[in-house]
Amino acid sequence: MARPLELIDQDIAELEQAAQDLAGQFQKTYSHYLTALGQAVRQQMILAGYHICTQGYPEHFLDLSLTQKQELQSQLRSIVKKAEAEAIALVEDPKPEDSPVVLVVEGLSDEGTPAQDISLVEEELTPLEEIADPENLAKWQDRIESGIVKLLQQVSHETNQVLHAAGIGSKNVPPMLLEAAEKLPNNEAIGGPPNLVTLTLEAQGTEDLPQMPGLASLLKGPVHIMAVHLRLTDLEFADSRLSASRGQIRTLSGRLNSLKRDYHQKQRERAIAQAESAWRASWFED
């Protein structure tokens with residue numbers, strides 16, 4: 001027989017309070033982390049752009065006039081300045097713009113089948129200060145981490161677009177190939193300095209790249225690509241403050257996982273206790 005509901009509810013309330021306390025620690029830690037991340041992105045992206053212009057394609061950079069060089073550098077500084085602000089803003093509004101919308105279906109009949117009129121209602125994402133349980137806190141953290149990945153992809157893409165528009169890089173690179181290079185998983189990024197991806201492709205070998213179907217028909221010969229590909233592992237490895245903050249986040253994540261596990265157990269225990277009570281309330285002897 002389950003414990004009394006009052007005791008179970010007391011345990012659940014304590015876990016919810018612990019989640020609220022942990023949410024405050026997450027906010028503080030992520031604020032420090034995202035501030036350091038913005039600064040690391042600024043430094044490493046400029047270094048990556050410098051490497052592409054001076055080591056990857058020095059002739060292309062030298063072909064630019066002084067005004068063009070200064071305009072290119074100004075555009076790169078604008079990208080990182082915006083990235084710093086967006087990184088800090090993630091802790092305020094962690095929902096990525098292209099994240100899937102969570103929809104709640106309304107209008108089910110009593111039998112659970114769809115009624116004639118069905119309305120789709122967007123489920124509101126709980127603000128951090130209103131988080132009341134470990135589940136909502138975990139969703140908030142997931143959106144933060146998704147936002148970080150999207151930000152790095154966005155900065156990489158914008159930087160490569162600016163470099164390409166300035167004439168830095170191979171002239172015959174199909175846009176689909178450049179975009180695919182920007183999004184290679186960490187374990188597929190090939191060689192070179194940190195936060196850069198270097199590829200040399202020939203039409204003969206592109207059949208092994210399922211993420212780029214039809215690429216072989218676009219290649220006119222061997223194509224060499226060097227592109228910015230900001231990777232969180234590279235950024236954290238190069239910045240001790242960022243790495244230390246990530247360590248603190250891992251510690252908090254461990255505590256959150258423990259809270260989630262205990263919370264699920266208590267919710268299960270509560271459901272069992274309610275079911276036992278409902279059984280007793282409805283039972284009668286013939």
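Before moving on, here are some points about what is shown:
- One residue alone among Asp63, Asp9 is of a type in the set (D, E, K, R), surrounded by fewer than 18 Cβ atoms within 10 Å (Cβ to Cβ) and either at pLDDT below 95 or under 17 Å from Val228 (Cα atoms) (or both), and that residue is Asp9.
- Selection status of His164, modelled with pLDDT of 70 or more, over 17 Å from the mean Cα position of the chain (by Cα) and either open to solvent by 20 Å² or more (accessible area, probe 1.4 Å) or basic (Lys, Arg) (or both): yes
- When residues of segment 35-60 are limited to those that are touching a Gly at 6+ places or on another chain (Cβ under 9 Å) and in a helix (DSSP H, G or I), the one least open to solvent (accessible area, probe 1.4 Å): Ile52
- Checked against (1) hydrophobic (A, V, I, L, M, F, W, C); (2) at pLDDT 50 or above; (3) loosely packed, with under 15 Cβ neighbours inside 10 Å, Val101 passes all but a single condition, namely (2).
The values are calculated or read from the model by the stated rules, or taken from the named source; none is laboratory data. Note that the coordinates shown come from a computational prediction; the quantities given were computed from them, not determined experimentally. All Cβ positions, even for glycine, are placed from backbone atoms using ideal geometry, and neighbour counts span all protein chains on display. Surface areas here come from the heavy atoms of the whole protein model, side chains and all, with no ligands, DNA or RNA. Shrake-Rupley method; radii C 1.70, N 1.55, O 1.52, S 1.80 Å.
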